[in-house]
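What follows is one structure encoded as structure tokens, with my remarks underneath.
The values are calculated or read from the model by the stated rules, or taken from the named source; none is laboratory data. On a predicted model such as this, the values are computed, not experimentally measured, just so you know. No Cβ is skipped: glycine too gets one built from the backbone with ideal geometry, and neighbour counts run over all protein chains shown. With ligands, DNA and RNA removed, areas are computed over all heavy atoms of the protein, side chains included. Shrake-Rupley method; radii C 1.70, N 1.55, O 1.52, S 1.80 Å.
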Amino acid sequence: MTEEQLYDVLRQGLWASVLISSPLLAVALVAGVVVGLFQALTSIQEATLTFVPKAGLMIAVFWVSMSFMTATLVSFFTDRVVPLIAGGS
């Protein structure tokens with residue numbers, strides 16, 4: 001394996017991880033902003049109020065986007081990693 005191939009596989013692996021994690025991170029960001037705004041408007045400073053909705057939404061989004069995440073990871077391994085292990089380019 002050449003240095004260029006290594007960097008290319010690393011770059012594509014990092015991009016696959018960004019694609020896989022983006023739905024969960026986006027939902028966590030939106031939920032955090034909405035709950036923070038609600039807490040600031042109502043002066044309710046309960047710790048579980050920030051955790052429970054965010055965790056619930058992230059579980060729901062994970063369940064909905066699990067097929068996308070699996071397809072992305074399988075595609076990365078099938079297209080890039082397995083040919084390198086098998087000795088191809």
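For the range 1-13, how many residues are surrounded by fewer than 12 Cβ atoms within 10 Å (Cβ to Cβ) and over 21 Å from the mean Cα position of the chain (by Cα)?
Within the range 1-13, the subset surrounded by fewer than 12 Cβ atoms within 10 Å (Cβ to Cβ) is 1-4, 6-7, 10-11.
Still in the list and also over 21 Å from the mean Cα position of the chain (by Cα): 1-4, 6-7.
Matching residues across the range 1-13 total 6.
Of all residues in the range 33-54 being surrounded by 14 or more Cβ atoms within 10 Å (Cβ to Cβ) and within 30 Å of THR72 (Cβ to Cβ), which is nearest to the chain's Cα centre (by Cα)?
Narrowing the range 33-54 to residues surrounded by 14 or more Cβ atoms within 10 Å (Cβ to Cβ): 35, 39, 49-50, 53-54.
Checking which are within 30 Å of THR72 (Cβ to Cβ) leaves us with 35, 50, 53-54.
Values: VAL35: 21, THR50: 20, PRO53: 18, LYS54: 15 Å.
The qualifying residue nearest to the chain's Cα centre (by Cα) is LYS54.
Condition first: open to solvent by 70 Å² or more (accessible area, probe 1.4 Å), out of contact with any Leu (no Cβ under 7 Å at 6 or more places or on another chain) and under 15 Å from SER22 (Cα atoms). Now tell me which residues in the range 55-89 satisfy that.
Passing the criteria: LEU57, ILE59, TRP63, VAL64, MET66, SER67, PHE68, THR70, LEU73.
Return yes when ALA16 is without any contact (Cβ under 8 Å) to a residue 40 or more places away in the chain and either surrounded by 10 or more Cβ atoms within 10 Å (Cβ to Cβ) or in a helix (DSSP H, G or I) (or both) and no when it is not.
Numbers: without any contact (Cβ under 8 Å) to a residue 40 or more places away in the chain: no; either surrounded by 10 or more Cβ atoms within 10 Å (Cβ to Cβ) or in a helix (DSSP H, G or I) (or both): yes.
No: the conditions fail for ALA16.
Can you name every residue in the range 55-65 that is aliphatic (A, V, I, L, M) and over 15 Å from the mean Cα position of the chain (by Cα)?
Once the filter is applied, which keeps residues that are aliphatic (A, V, I, L, M) and over 15 Å from the mean Cα position of the chain (by Cα), the range 55-65 yields nothing.
If you go through the range 72-84 one residue at a time, how many are among the aliphatic types (A, V, I, L, M) and under 13 Å from the mean Cα position of the chain (by Cα)? Outline the logic, then answer.
Taking the range 72-84 first, the residues among the aliphatic types (A, V, I, L, M) are 73-74, 81-82, 84.
Applying the additional criterion that residues be under 13 Å from the mean Cα position of the chain (by Cα) yields 73.
Here the count works out to 1.
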